[in-house]
Every structure is written in structure tokens, then in C-alpha cells.
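These notes concern the structure reproduced below.
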Amino acid sequence: MTYAAALHSVANCRPRGWPDDLKQEPQEHMAKVFVIANQKGGVGKTTTTVNLAAGLAAQDQRVLLVDLDPQGNASMGSGIDKQALEHSVYQVLVGLASVPQARQKSETGRYDVLPANRELAGAEVELVELDQRERRLKQAIDEVDDEYDFVLIDCPPSLSLLTLNGLCAAHGVIVPMQCEYFALEGLSDLVNTIKQVHTNLNRELKVIGLLRVMFDPRVTLQQQVSAQLESHFGDKVFKTLIPRNVRLAEAPSYGMPGVAFDPSSKGAKAYLDFGAEMIARVRQLG
Ligand code: ATP
Ligand code: MG
């Protein structure tokens, strides 16, 4: 099912008692939930999710990383063997396991992971038949959100029902992008999707910011696109710039976030700075 079809059917069949008239219980402590999304492939979503998780953990934040991509790259990059999972996010989404049953510790990153593997591709089809199909992840995260400061959700490169579950569960969207000529292509689709989810499904959802990744200051075009992003989107562009850095690309093959693999590398330092920027943003969000 395409994302558009999913959203259309959801909009035409609003579950009873939701979203306008469901009263939220006041909560003592709730994690801030961020989804890392961009339907373009290979733009640095997983690298950002894994290294932001490790960067926040290094700053004493309690973090749950949710791998919502059947590729399972965030799980592997956190040192978790995706072939050997007893439970995964798939079972959680279809109601066969709880988050506490399925989560694992990333020993290399010092955060928890709700891991994924290819099984998750089947959830796309199975979810369509299920009640509240777009809110399954939110319901699962609600059970554990008092245990974390941050929940970070890594999305697949599509605007699918899985990504929709991520958007419905989140307070904010982080959009990694490369400063290239076609960087903005597709951004309007993503922003329209976020607006529709905001209107129909999740009033809390905001775009927190655009994160410039794989940045090479020696390339004039990248500098120009970066400056244009700043002038066009203002404080919706994160101050932290993530450089292109080979240590970030090497780290996943060791099952480690770059932040842990080589903490002195430029890439690791940038993601630590980004973690600090996110902590400051969350304080502003209240
Ligand atoms: P997909 O859409 O397939 O899920 P993605 O958006 O999650 O991809 P990544 O897997 O994070 O993107 O990154 C794509 C490739 O670029 C990977 O090989 C990764 O190691 C590399 N990469 C990401 N960020 C950087 C960086 N800052 N410096 C160097 N290489 C990077
Ligand atoms: Mg990815």
C-alpha cells in the first residue's frame, strides 16, 4: 500500500475517540520522540540516528533507538545481529511482543535498541488489516516512555505505513539532507506529508529541523546550497553541520556508532555537538 493510499483511508476512517477528544493523562516524565525521516535513499538517516543516539547517551541521556527499516542498518550499526533476533519491532507492531520483550542493549553505543530485520517488510501488509494501524508504534512507545529522555526512530527511504507509524509516534521530525543541487527535491512531498499527519493524526508533530550532513566545505556548490538553506529556512536549519568523514562510514562494519568507534574524529565530534544542540532544543520545546 502506498503512503498516500494509507493516509487517505486513515483520513476517511477516523478511529472513534481520536484524535480530537482523547484526553491525555498528565505524565510525570515523558521521553521526547523524534523521527529521522527523508524518503530519499542514502541521505544519512541511519548514520544520524545511530550517532545521535550514541552522542546523547554520551551526555547521560537515556535513549531508545527504534529501527523502523527492514534493512536493519541501525540495528547492525548499533552492534546487534539482525539475523539472530528472537523478537523485533515487527512483533511489537503486530502485537506479538512488547517493547521490553524486544529491546536490546547496544553495548557499543550505551543506548537501547528496538531492532529490525527483513521480517518488518511483512508488517507493511499485515498492519493494513489491524486496528489503529498507524498508531501501533506510538502505543508501544507510550508503555516505556517514562524510562527514556529521547526516543529516536530511524525510517526507511519511503513514505510508507512504517514511516507513517514513525510520524504518528513523534513530537518532531529531523530531516537529514545533503547540500546538493537536488537536495530540496522531494522536500515538499515530505513537508506535505508531515502537514497531513499533523492535521489528521498527530497534532504534536513539528519539523524540528533540517540537518546538513556529509558536508564538504571545499565544494563551492555545497557552501552555496547550505547558505541558501539558512536564508530560506532560518532556525529550522540546525546550527551543527555534519562533515563528510570516513570514520562515520567505517564504523557500522564494526557494529559501532562512529561516536564510539573514533570519538576524536571530526564526524564523532559533530554528532556530539548535534546531541548538545538537541538537548538545548528540547529544553526550549518545554
Ligand atoms: P537508506 O535510505 O538506505 O536507509 P540512509 O538515509 O539511512 O540510507 P545512511 O545509511 O546513513 O543513509 O548513509 C548512506 C551512506 O553514506 C552509508 O554508506 C554511510 O556510511 C555514508 N555516510 C553517511 N553519513 C556520512 C558522513 N557524514 N560521512 C561519510 N559517509 C557518510
Ligand atoms: Mg537507513
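The values are calculated or read from the model by the stated rules, or taken from the named source; none is laboratory data. Everything quoted here is computed from the prediction, not taken from an experiment. Here the Cβ positions follow ideal geometry from the backbone for every residue, glycine too, while neighbour counts run over all protein chains shown.
Out of the residues in segment 33-49 meeting the condition of being assigned to a helix (DSSP H, G or I) and closer than 17 Å to residue 120 by Cβ, tell me which one is farthest from ligand 2 (Cβ to nearest atom).
49
How about segment 253-265: which of its residues are surrounded by 15 or more Cβ atoms within 10 Å (Cβ to Cβ) and in a helix (DSSP H, G or I)?
If the condition is that a residue be surrounded by 15 or more Cβ atoms within 10 Å (Cβ to Cβ) and in a helix (DSSP H, G or I), then 258, 259, 260, 261 are the ones that fit.
Quick one: is residue 5 out of contact with any Cys (no Cβ under 8 Å at 6 or more places or on another chain), modelled with pLDDT under 50 and of a type in the set (A, V, I, L, M, F, W, C)?
Spelling it out, residue 5 is indeed out of contact with any Cys (no Cβ under 8 Å at 6 or more places or on another chain), modelled with pLDDT under 50 and of a type in the set (A, V, I, L, M, F, W, C).
Can you name every residue in segment 50-69 that is within 13 Å of ligand 2 (Cβ to nearest atom) and over 19 Å from residue 141 (Cβ atoms)?
51
Which of the residues belonging to segment 152-166 are in a strand (DSSP E or B) and within 12 Å of ligand 2 (Cβ to nearest atom)?
Filtering segment 152-166 down to residues in a strand (DSSP E or B) leaves 152-154.
Hits for segment 152-166 are 153, 154.
Go through the residues of segment 205-219 one by one and say whether even a single one is in a helix (DSSP H, G or I), buried (at least 18 other Cβ atoms within 10 Å of the Cβ) and touching a Pro at 6+ places or on another chain (Cβ under 8 Å). Spell out how you get there, then give the answer.
So in segment 205-219, the residues in a helix (DSSP H, G or I) come out as none.
There is no residue in segment 205-219 that is in a helix (DSSP H, G or I), buried (at least 18 other Cβ atoms within 10 Å of the Cβ) and touching a Pro at 6+ places or on another chain (Cβ under 8 Å).
For segment 98-144, list the helices (runs of 4 or more DSSP H) that sit wholly inside it and hold at least 3 residues that are of a type in the set (A, V, I, L, M); which are they?
Passing ranges, in order: 120-128, 136-142.
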